[in-house]
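The values are calculated or read from the model by the stated rules, or taken from the named source; none is laboratory data. Note that the structure is predicted; figures quoted are calculated from it, not measured. Here the Cβ positions follow ideal geometry from the backbone for every residue, glycine too, while neighbour counts run over all protein chains shown.
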């Protein structure tokens, strides 16, 4: 009986490990993916827009961070500005009945964390722009969290 219990615990732990290893950053974003996601988000139903826009901001910031790391500061600044503009729109698409509101809130928190990393890495010449984007993302994430708690 004890052996069966140990075996079942081992099997369950082996199956759970890949789920913990998955993250939001599994694949590197590119311009085509961002454009397709932008189009999908703009055409989505209001219930789905919050998560899609959060995902879009996340992809834009990840791509911008890649551009900063590659030394393409002009391109990175352009993507960071687009992400900031979209982050300003995020509170407007927060809906109480959004079916992925909690996922959007988690993704926004993760994106804010990535921006904080970018801010502290010193790779960016646009510290003020990154700080503005981070402040706006934190505001949107807080509003999303308040919507989650209202449910």
Sole residue being over 14 Å from the mean Cα position of the chain (by Cα), at pLDDT below 75 and either more than 28 Å from residue 148 (Cα to Cα) or surrounded by 13 or more Cβ atoms within 10 Å (Cβ to Cβ) (or both), chosen from 95, 19: 95
Among the residues of segment 49-71, the number that are farther than 20 Å from residue 139 by Cα and touching a helix residue (DSSP H, G or I) at 6+ places or on another chain (Cβ under 9 Å) is 8
Take residue 66 and tell me if it is over 16 Å from the mean Cα position of the chain (by Cα), part of a helix (DSSP H, G or I) and at pLDDT 90 or above. no
Residue satisfying condition, being modelled with pLDDT of 85 or more and surrounded by fewer than 10 Cβ atoms within 10 Å (Cβ to Cβ), within set 55, 32: 32
Close pairs (7 angstrom Cβ cut-off, 6 or more residues apart or separate chains): free of Cβ contacts under 8 Å to residues at least 60 places away in the same chain and on the phi < 0 side of the Ramachandran plot in segment 35-59, in a helix (DSSP H, G or I) and loosely packed, with under 15 Cβ neighbours inside 10 Å anywhere: 52/40; 53/89; 59/33
Only one of 83, 4 is part of a helix (DSSP H, G or I) and either at pLDDT 85 or above or surrounded by 13 or more Cβ atoms within 10 Å (Cβ to Cβ) (or both); which? 83
Residues that are farther than 20 Å from residue 93 by Cβ, at pLDDT 90 or above and in a helix (DSSP H, G or I): does segment 131-142 have at least one? yes
Of the residues 77, 116, which is surrounded by 14 or more Cβ atoms within 10 Å (Cβ to Cβ) and under 15 Å from the mean Cα position of the chain (by Cα)? 116
Condition first: surrounded by 14 or more Cβ atoms within 10 Å (Cβ to Cβ) and either under 20 Å from residue 34 (Cα atoms) or under 14 Å from the mean Cα position of the chain (by Cα) (or both). Can you find one or more residues in segment 119-127 that meet it? no
